[in-house]
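The values are calculated or read from the model by the stated rules, or taken from the named source; none is laboratory data. Here the structure is a predicted model, which is why all the values come from computation and not from measurement. In this analysis, Cβ positions are derived from the backbone assuming ideal geometry, glycine residues included, and neighbour counts consider all displayed protein chains. Note: accessible area is taken over every heavy atom of the protein model, side chains too, but ligands, DNA and RNA are not part of it. Shrake-Rupley method; radii C 1.70, N 1.55, O 1.52, S 1.80 Å.
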Amino acid sequence: MNISLLIISIILVTSVFLPFFLIDLSGKTAAGQRKKQFKLAVAKNNLTLSDQEIWGNSFIGIDRIQKKLLFMKVGVADHTSTLIDLNNLRDSKIVTAYRKSKVKNQNELLLLKLDLEIHFIKGTKVETLNFFDFESPYKEDFELLRAEKWKAIINAHATKLQSPVRAA
């Protein structure tokens, strides 16, 4: 009788906790795969990143020596990788899209899209880095603060390049 009770208890405990363990394990393996892809892209482009940040399915990093910025977004079906040469950089700015919504009789702004636009000195080319999209499976996680931080880093680099050198 003791053995049958022990077997039933083991089956019951396993059936309750095994799904949680498997879900946790699958999330960790997906994050590990994304980090592996980020490291491969850094190695492929021969970058030595001084600043980098990973959140959700996105990665951004800057190599101050080679003056390059790497931005990656890994999705289920698609994978975007953008390598930007900062030598021709003019400035960057944050572009947001909001929608007003009413929650419990109060008006709130709902962030729909957050992009960091990078403008270059020559031409009208603009590179758009998507930091947040409401349609993605990831929810908002301080992306506005993150975009402001990277805008400051990029603009500080741009002002260093554009500061005029005066002859004596």
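Within region 57-75, take every residue that is part of a strand (DSSP E or B) and not aliphatic (A, V, I, L, M) and give me the one that is nearest to A152 (Cα to Cα). Outline the logic, then answer.
Taking region 57-75 first, the residues part of a strand (DSSP E or B) are 58-63, 68-74.
From what's left, not aliphatic (A, V, I, L, M): 58-59, 61, 63, 68, 71, 73.
Values: S58: 19, F59: 17, G61: 14, D63: 15, K68: 15, F71: 16, K73: 21 Å.
Among those that are part of a strand (DSSP E or B) and not aliphatic (A, V, I, L, M), it is G61.
Among residues of region 128-153 that are open to solvent by 60 Å² or more (accessible area, probe 1.4 Å), those with a beta-carbon under 7 Å from a residue that is small (G, A, S) at least six positions away or on a different chain give the pairs Y138/G56; D141/G56; K151/S92.
Among the conditions (1) under 23 Å from the mean Cα position of the chain (by Cα); (2) open to solvent by less than 80 Å² (accessible area, probe 1.4 Å), the only one that V103 does not satisfy is (1). Screening I54 on (1) modelled with pLDDT under 80; (2) not in a loop (DSSP other than H, G, I, E, B) shows it passes everything except condition (1).
Inspect region 102-112 for any residue being in a loop (DSSP other than H, G, I, E, B) and acidic (D, E) and give the result as yes or no.
Kept after step one, since they are in a loop (DSSP other than H, G, I, E, B), are these residues of region 102-112: 104-105.
Okay, now just the ones that are also acidic (D, E), so none.
No, the conditions are met nowhere in region 102-112.
Please indicate, with yes or no, whether at least one residue in region 34-49 is part of a helix (DSSP H, G or I) and over 30 Å from K125 (Cβ atoms). Yes, the conditions are met somewhere in region 34-49.
For region 35-74, the set of residues classified as touching a residue at least 24 places away in the same chain (Cβ under 8 Å), farther than 19 Å from R146 by Cα and open to solvent by less than 50 Å² (accessible area, probe 1.4 Å) consists of A41, V42, N45, listed by residue number. Is it true that some residue in region 7-28 is closer than 23 Å to F132 by Cα, open to solvent by 60 Å² or more (accessible area, probe 1.4 Å) and touching a residue at least 12 places away in the same chain (Cβ under 8 Å)? No, region 7-28 contains no residue that is closer than 23 Å to F132 by Cα, open to solvent by 60 Å² or more (accessible area, probe 1.4 Å) and touching a residue at least 12 places away in the same chain (Cβ under 8 Å).
Filtering region 115-135 to residues that are within 16 Å of R99 (Cα to Cα) and either of a type outside the set (D, E, K, R) or modelled with pLDDT of 80 or more (or both) leaves D115, F132, D133, F134.
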